[in-house]
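The values are calculated or read from the model by the stated rules, or taken from the named source; none is laboratory data. Please read all numbers here as calculations on a predicted model, not as lab measurements. Note that we place each Cβ from the backbone using ideal geometry, even for glycine, and neighbour counts take in every protein chain shown. Just so you know, the surface numbers come from the protein's heavy atoms only, side chains and all, with ligands and any DNA or RNA stripped out. Shrake-Rupley method; radii C 1.70, N 1.55, O 1.52, S 1.80 Å.
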Amino acid sequence: MFKLPIGPTHPSFLVFATGVCCTTPLVCLFVRPLLGGTEFEPKFDFEAYARAPITSHGMGCLGGMVWALGTVSSLISGKTIGMALSYSIGQSAPMVATLWGLFLYKEFDGAPKAAWTFIGIMFMCYVIAIGLIAGSK
C-alpha cells in the first residue's frame, strides 16, 4: 500500500485547501452575483478585479498563504497540545484584531466611554470563553 511521507495532518489540509480552491471560483461566479446589488453587498465587478494591479492580487495570495500557514500550524499543534487547546488558541484571532484596531489604527479614539466599557466586557467574555474551551480537554 502506498504511504504518504507526511503525517496525517497534512493530507487533511491538502483536501481542505483543494476544496477551497475548487469552490471559490464557483461562489464568485454563481453565488456572489445573486447576493449583490444591495447597499450592504455591492455587485462584484469582474472588470475592476481584472484591472487591479498585480500587487493587489499578490497581497491577496499572501493573505491566503498566511491563513494556510496558521491553519496547518493549528492542525499540527492539535496533535501535541490537544485539539481543544489548539482550537481555543486559534479562536483568539478576533482579540488580536481588536487590539490592532485599538492601539495601532486607533479606531476608537474619541469613542464614548460606553464603547470602551463594552470593549472591556467583550475581552473578559472572550477570555472566559477561551479558557472554558481550553479547559474542556
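Okay, here's what the table says:
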{"quantity": "Residue satisfying condition, being of a type outside the set (Phe, Trp, Tyr), touching an Asp or Glu at 6+ places or on another chain (Cβ under 7 Å) and without any contact (Cβ under 8 Å) to a residue 40 or more places away in the chain, within set Gly70, Gly101, Gly58, Gly90", "calculated": "Gly101"}
{"quantity": "Which listed residue, of Gly60, Gly82, is open to solvent by less than 80 Å² (accessible area, probe 1.4 Å) and more than 22 Å from Ile128 (Cβ to Cβ)", "calculated": "Gly60"}
{"quantity": "Matching option when the condition is surrounded by 11 or more Cβ atoms within 10 Å (Cβ to Cβ) and in a helix (DSSP H, G or I), among Phe123, Phe103", "calculated": "Phe123"}
{"quantity": "One residue from Gly63, Gly70, Gly58 being modelled with pLDDT of 85 or more and in contact with a Gly (Cβ under 8 Å, 6 or more places away or on another chain)", "calculated": "Gly70"}
{"quantity": "Number of positions in segment 106-120 that are in a helix (DSSP H, G or I) and open to solvent by 80 Å² or more (accessible area, probe 1.4 Å)", "calculated": "3"}
